[in-house]
Amino acid sequence: MAWSLLAYARIGYPLLGQMLGHGYPAMPMLGISPCPVTVFTFGLFLLTTEPIPRRLLVIPGVWSLIGGSAAFLLSVPQDWSLLVSGVTGLMVLKRDRDHPLEESESRAGRGDLLQLETLTAYRVLMTALYARTGSILLAVLMHASYTGWLLALFPATSFEQGLAWQATLAAALWRVVVVVIGACSRPTAS
C-alpha cells in the first residue's frame with residue numbers, strides 16, 4: 001500500500017492530470033501541489049517502523065478531507081486518492097496505538113513548530129519570486145537550495161540552542177517577507 005501511494009503521488013497523479021487536460025506547468029505535481037504531497041506523506045508514514053507523533057497526521061489528515069472533497073464537488077478524479085490516503089492515516093494510528101513515544105521524541109515536537117514557521121515564510125518568498133519573475137526554474141532552484149543552506153546555517157548545537165536558532169531564522173525570514181511583500185505591493189512607475 002505504501003509503495004502504491006508513493007508511486008501514484010509521483011507518477012500517477014500528474015499523468016492523470018495531464019490526461020484530463022492539465023498540461024505543464026498547470027498540472028498538479030509532487031512538491032508543488034498539496035494534494036500529491038499529502039498522498040506521498042501518507043505513503044511515507046506507512047513505511048515507518050517506529051511510532052510517529054500523532055500531531056504529524058493532523059495537517060495531512062485535514063487536507064485529505066478538504067482535497068478529497070474536490071473529487072466530489074469539483075469533479076477532480078485524481079483527488080480520489082486523497083480519501084484513500086486519509087484512510088491510511090487511520091491505519092498508522094491503529095499501528096502506533098500500542099507504542100508510546102519516548103520523551104525525546106515528544107520533546108522534539110517543539111522544534112517542529114519553529115520549522116513550520118521557517119518553511120512557511122520561505123514558501124511565501126518563493127511564491128513572491130515566482131509571481132514577480134514568472135520563472136519556474138528560479139522557484140525550483142530556490143526550493144532545492146533550502147535544505148542546503150539550512151544545513152550550512154544551522155550550527156551543531158544543543159536542543160535548546162537549536163530552538164533559539166530556529167526561532168531567530170524564522171523571525172528573520174518573516175521580516176524579509178514583510179519587506180518583499182511591501183516592495184511588491186507598491187505601484188511601479190511606468
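So that you can scan it fast, the table gives a plain yes or no per residue for (1) surrounded by 12 or more Cβ atoms within 10 Å (Cβ to Cβ); (2) modelled with pLDDT under 65; (3) of a type outside the set (D, E, K, R); (4) within 17 Å of the chain's Cα centre (by Cα):
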| position | (1), (2), (3), (4) |
| --- | --- |
| 110 | yes, yes, no, no |
| 126 | yes, no, yes, yes |
| 129 | yes, no, yes, no |
| 134 | no, no, yes, no |
| 137 | no, no, yes, no |
| 144 | no, no, yes, yes |
| 152 | no, no, yes, no |
| 155 | no, yes, yes, no |
| 165 | yes, no, yes, no |
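Consider only pairs whose beta carbons are under 9 Å apart and that are at least six residues apart or on different chains; among these, list those whose first residue lies in region 61-85 and is surrounded by 16 or more Cβ atoms within 10 Å (Cβ to Cβ) and whose second residue is charged (D, E, K, R) and part of a helix (DSSP H, G or I).
Sorted first by the residue in region 61-85, then by its partner, the pairs are 67/79; 68/79; 70/79; 71/79.
When you go through 114, 93 one by one, which is the residue that is modelled with pLDDT under 80, surrounded by 14 or more Cβ atoms within 10 Å (Cβ to Cβ), assigned by TED's automatic domain parsing to the domain that holds residue 143 and within 21 Å of the chain's Cα centre (by Cα)?
Just a single option satisfies the conditions, and that option is 114.
Yes or no, residue by residue, for (1) among the polar types (S, T, N, Q); (2) at negative phi; (3) modelled with pLDDT of 80 or more:
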residue: 3; (1), (2), (3): no, yes, yes
residue: 28; (1), (2), (3): no, yes, no
residue: 35; (1), (2), (3): no, yes, yes
residue: 38; (1), (2), (3): yes, yes, yes
residue: 42; (1), (2), (3): no, yes, yes
residue: 50; (1), (2), (3): no, yes, no
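Have a look at 60, 51, 14 and point out the one that is in a helix (DSSP H, G or I) and within 21 Å of residue 97 (Cα to Cα).
Answer to the check: 60.
The values are calculated or read from the model by the stated rules, or taken from the named source; none is laboratory data. What you are looking at is a predicted structure, and each value in this text was computed from that prediction instead of being measured. Note that each Cβ is placed from the backbone with ideal geometry, even for glycine, and that neighbours are counted across all protein chains shown.
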